[in-house]
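**Q** Let me give you the structure first, and then I'll get to my questions.
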Amino acid sequence: MSNKLAEELKSVRKVKGVSLREVEKATEISNAYLSQLERGEATNPSPNILYKLAEYYEIPYSSLMEAAGYLKKSKVEKGEKTIKPSTMQAALMSAGLTDEEENLVAHYIGYLRSQRQRSSR
């Protein structure tokens, strides 16, 4: 399993504001295994496990399959541009943020971008 999947799972869970125990209760995936997935120690999670997590977190199943290395990133076909949200974008869209939280996230993204621009000068 790639570290990308581990990072995505941990980030999405934090965005959702749930504990490993809550995920375990909802998905029937053991807390220990969830923790191993988030640390990148568990290898080859089954597509069924990834499906349960995608459903629970309300994120695209294909994103987790790509992060786990089961699928390659889809290419744009015949010159048509498709917009597919990343795992984190999907998690943020379904996080149920308040207006204030959305504003804070937007300000923080602006701050991060300004820091990136400043460091590239």
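**Q** Among the residues of the range 74-89, is any among the small types (Gly, Ala, Ser) and exposed (fewer than 10 other Cβ atoms within 10 Å of the Cβ)? So that I can check it myself, show each step before the final result.
**A** Initially, the range 74-89 is screened for residues among the small types (Gly, Ala, Ser), giving 74, 79, 86.
Remaining after also requiring exposed (fewer than 10 other Cβ atoms within 10 Å of the Cβ): 79.
Yes, because at least one residue in the range 74-89 is among the small types (Gly, Ala, Ser) and exposed (fewer than 10 other Cβ atoms within 10 Å of the Cβ).
Per-residue answers, yes or no, for (1) modelled with pLDDT under 95; (2) acidic (Asp, Glu); (3) in contact with a helix residue (DSSP H, G or I) (Cβ under 9 Å, 6 or more places away or on another chain):
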{"position": "Glu28", "(1), (2), (3)": "no, yes, yes"}
{"position": "Ala42", "(1), (2), (3)": "yes, no, yes"}
{"position": "Glu58", "(1), (2), (3)": "yes, yes, yes"}
{"position": "Ala68", "(1), (2), (3)": "yes, no, yes"}
{"position": "Gly79", "(1), (2), (3)": "yes, no, no"}
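**Q** Of all the residues that make up the range 15-67, how many are closer than 14 Å to Lys4 by Cβ and charged (D, E, K, R)?
**A** 3
**Q** Follow-up question, since we're still on this one. Can you pull out every residue in the range 25-65 that is charged (D, E, K, R), more than 25 Å from Leu97 (Cβ to Cβ) and assigned to a helix (DSSP H, G or I)?
**A** Scanning the range 25-65 gives a single hit, Arg39.
**Q** Within the range 10-26, restricting attention to residues that are modelled with pLDDT of 95 or more and not β-branched (Val, Ile, Thr), which residue is surrounded by the fewest Cβ atoms within 10 Å (Cβ to Cβ)? Step through it out loud before you land on a result.
**A** Restricting attention to the range 10-26, the residues satisfying the condition of being modelled with pLDDT of 95 or more are 19-26.
Keeping just the survivors that are not β-branched (Val, Ile, Thr) gives 19-22, 24-26.
Numbers: Ser19: 12, Leu20: 18, Arg21: 10, Glu22: 14, Glu24: 16, Lys25: 12, Ala26: 14.
This residue is Arg21.
**Q** Given the condition in a helix (DSSP H, G or I), more than 26 Å from Gly96 (Cβ to Cβ) and touching a helix residue (DSSP H, G or I) at 6+ places or on another chain (Cβ under 8 Å), answer yes or no: does some residue in the range 16-24 qualify? I'd like the intermediate steps shown before the answer.
**A** Pass one, the range 16-24, residues in a helix (DSSP H, G or I): 16, 20-24.
Right, trim to more than 26 Å from Gly96 (Cβ to Cβ) and you get none.
No, the range 16-24 contains no residue that is in a helix (DSSP H, G or I), more than 26 Å from Gly96 (Cβ to Cβ) and touching a helix residue (DSSP H, G or I) at 6+ places or on another chain (Cβ under 8 Å).
The values are calculated or read from the model by the stated rules, or taken from the named source; none is laboratory data. Everything numeric in this text was worked out from a predicted model, so none of it was measured. Here Cβ is always computed from backbone atoms with ideal geometry, including for glycine, and neighbour counts include all displayed protein chains.
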